[in-house]
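The values are calculated or read from the model by the stated rules, or taken from the named source; none is laboratory data. No experiment lies behind these values; they were computed from the predicted model shown. Note that we place each Cβ from the backbone using ideal geometry, even for glycine, and neighbour counts take in every protein chain shown. Keep in mind that these areas ignore ligands, DNA and RNA; they rest on the heavy atoms of the full protein, side chains included. Shrake-Rupley method; radii C 1.70, N 1.55, O 1.52, S 1.80 Å.
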Amino acid sequence: MKRSQARRNFLTRTASRGLAITALLSGLGLAASPAQAAAPQKEAADEKVMRYAFKIAETGFDPAKVQDLYSRIITQQIYEGLYTFDYLARPFKLKPLTAAALPEHSADFKTWTIRIKPGIYFAEDPAFKGKKRELTAADYVYSFKRFADPVTNSPTWDGLEEQHLLGLNEYRAEIEKSKKPFDYDKAIPGLLALDRYTLQLRLAEARPRLPQVLADGSLLGAVAREVIETYGDKSMEHPVGTGPFKLGNWRRSSLIELVRNPDYRERYYDAEPNADDAEGQALLARFKGRRLPMLDRVEVAIIEENQPRWLSFLNGQFDLLYTLPEDFTSQAIPGGKLAPTLAKKGMHSYTVVASDVLFTVFNMEDPVLGGFEPAHIALRRAISLATNAEREMKIARRDQAISAQSIMLPHTTGYDAQFKSENGDFDPQRARALLDLYGYVDRNGDGWREQPDGSPLLLESLTTPDSFQRQIDEIWAKSLAQIGLQVKFKSAKWPENLKSLRAGKFQIWSLGSSASSPDGQDALGFFYSPRIGGQNYARFNLPAMDKLYEQANSMPDGPEREAVFRDAKRLGVAYAPYRARGHRLITDIAQPWLIGYRRPQFAQDWWQYVDIDNSRKKP
């Protein structure tokens, strides 16, 4: 057998991602047959199928158990929250989804009454024993209670906990102490189904923006009790919701297929773009009145490396390049405009400043750099000052990000483009001075600093085994070496690193976060001590910061609340549990036959609003 043929067969046998291998082999000048590539099933001539890729694998599809963005993109297609964000409105506009109207609330924002639309049904599933299953207010009561059940071990319980639904937090504490099973039939005063279609939420604290929280269907979408009780600890594998899609074939960490939910109610395309939004107005004119969803099927491949994901798109195997890999910026959008070769093919690009933040997190419980001892604070601040984020943005990210001055996210309350802080500084000289002052010096002349007590100082950061992340790691390691700090990297798949993060079994990690609502309160959650083990990745615990967080959570939007955000940002910079590095400029590129696409700012339920024009595909 020829060597090239042997190599090809080896790749075919060992590939778990057929599309990625096909693209990579094509880029190397090799060939792979459709059978060898194990490509997804072909659609019928009139079937509308959208295909694209995630760069990170999913963890599962139970709203109460997921935390990562990519799993939540999937859950938001399957489950539905009470509210959602208008697909075309900029800035955001909240609108009812399964609710009949926007909620009624008391003057103090502590009592909220929500009416559910009758005639909404869950997708067919054996758990319902052949009967149609209507959505009711009791389903939201049950779904919210699941977050409080210690057995669920929800990574996002903290988000619901801080809404202070009367009796729910107290009941969870009681269950944790007694070790008794959670009684889902127990009445919780703050979480009541007044009748079949009326939900009432009563809170101990004012929550003026509660409807925005309820718009996150990826987490707070309704699940049916029968489904959870049928599948038990396999609930991550058996999602059943009321949304426009349901799970089809699934090959874990390889391919996720969602198909149109045949039981989905009649919903039609409607939106409210601004009058001066030409793109939004054009989309509304084209699609208004079309029944949703317009697609029959969606296939999502998992391709972690940037090159095969890019090549798969160029080869027409994907309809959308969701987030252009920074490595290929100069080829795809030279000078910020779509490359002529791509434009001639009828492709379209969409670039936005993302509502996200790239950051480095330090474990505040780590014995080497955690805690509030002055020396450890100085070490974190020195690492932050030595972090050459500008070089990362320019070299690794090809200028596809802007500098971050705090952990707050663009397009959300609390973000101020004019805010400046030490967080955004690159100053190795000040970093060295801080380390010298607090006794981090090189005692043995090997070029690396030791701890103040003379013991070795070797930092450790989690990382992922992809080539793009290696570029970022190399830039950071060189920056730290310039001030005499040595770092080693512990590589694992992203979901494994997330488990370590949640358990507090890490020292440093660099990752990102995206906003799921227009409110900056979520970003402050990075510092809120009750969210340790959840969104407070740094395990930061400072009463003064908790007080600011709680103040902001109860206040209506306005100058006074913005002042609280400013105080919180300054406190975060002073103690440096995080080093915010940048906010991404994200470019998506669509094939000419994918129409109607517009990257959402917050909600991820955009699949239902796009269409595939098969007539524009080349045979």
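From the list 332, 375, 343, pick out the single residue that is over 26 Å from the mean Cα position of the chain (by Cα) and touching a residue at least 60 places away in the same chain (Cβ under 8 Å). It would help to see each step written out before you state the result.
On the way: 332 fails: over 26 Å from the mean Cα position of the chain (by Cα); 343 fails: touching a residue at least 60 places away in the same chain (Cβ under 8 Å).
Criteria check complete, one pass: 375.
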With the first residue restricted to segment 423-450 and required to be free of Cβ contacts under 8 Å to residues at least 40 places away in the same chain, and the second required to be surrounded by fewer than 16 Cβ atoms within 10 Å (Cβ to Cβ) and among the basic types (Lys, Arg), Cβ contacts under 8 Å at 6 or more apart or on different chains are 450/443
Just one listed residue, out of 591, 604, 608, is within 21 Å of residue 297 (Cβ to Cβ), within 16 Å of the chain's Cα centre (by Cα) and in contact (Cβ under 8 Å) with a residue 24 or more places away in the chain, and it is 604
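Restricting to segment 263-280, count the residues that are aliphatic (A, V, I, L, M) and in a loop (DSSP other than H, G, I, E, B).
Looking only at segment 263-280, we keep the residues that are aliphatic (A, V, I, L, M), and these are 271, 275, 278.
Cutting the leftovers down to in a loop (DSSP other than H, G, I, E, B) gives us 271, 275.
Residues that pass the stated criteria total 2.
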Residue 97 passes all but one of the listed conditions (1) farther than 20 Å from residue 184 by Cα; (2) open to solvent by less than 40 Å² (accessible area, probe 1.4 Å); (3) over 23 Å from the mean Cα position of the chain (by Cα); the exception is number (3)
ask   = Is at least one residue of segment 150-171 part of a strand (DSSP E or B), among the aliphatic types (A, V, I, L, M), modelled with pLDDT of 95 or more and buried (at least 18 other Cβ atoms within 10 Å of the Cβ)?
value = yes
Residues in segment 350-369 that are surrounded by 21 or more Cβ atoms within 10 Å (Cβ to Cβ) and either charged (D, E, K, R) or not in a strand (DSSP E or B) (or both) total 5
Selection from segment 227-261 of residues more than 14 Å from residue 122 (Cβ to Cβ), assigned to a strand (DSSP E or B) and not small (Gly, Ala, Ser) yields 249, 250, 251, 255, 256, 257, 258, 259, 260
Of those in segment 172-183 that are basic (Lys, Arg) and closer than 23 Å to residue 229 by Cβ, the residue surrounded by the fewest Cβ atoms within 10 Å (Cβ to Cβ) is 179
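Hey, among 538, 563, which residue is in a helix (DSSP H, G or I) and modelled with pLDDT of 95 or more? First the steps, then the outcome.
Values: 538 fails: in a helix (DSSP H, G or I).
Sole residue among the options that is in a helix (DSSP H, G or I) and modelled with pLDDT of 95 or more: 563.
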Subset of segment 281-311, residues assigned to a helix (DSSP H, G or I) and more than 25 Å from the chain's Cα centre (by Cα), comes to 281, 282, 283, 284, 285, 286, 287
Checked against (1) under 18 Å from the mean Cα position of the chain (by Cα); (2) over 16 Å from residue 359 (Cα atoms); (3) among the aliphatic types (A, V, I, L, M), residue 498 satisfies every condition except (2)
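Anything in segment 505-528 that is in contact with a strand residue (DSSP E or B) (Cβ under 9 Å, 6 or more places away or on another chain) and part of a helix (DSSP H, G or I)? List them, or say none. Don't jump to the end; show me each part of the working.
First pass over segment 505-528, keeping only residues in contact with a strand residue (DSSP E or B) (Cβ under 9 Å, 6 or more places away or on another chain): 506-515, 517-518, 522-523, 525-528.
Selection gives 522, 523, 525, 526, 527.
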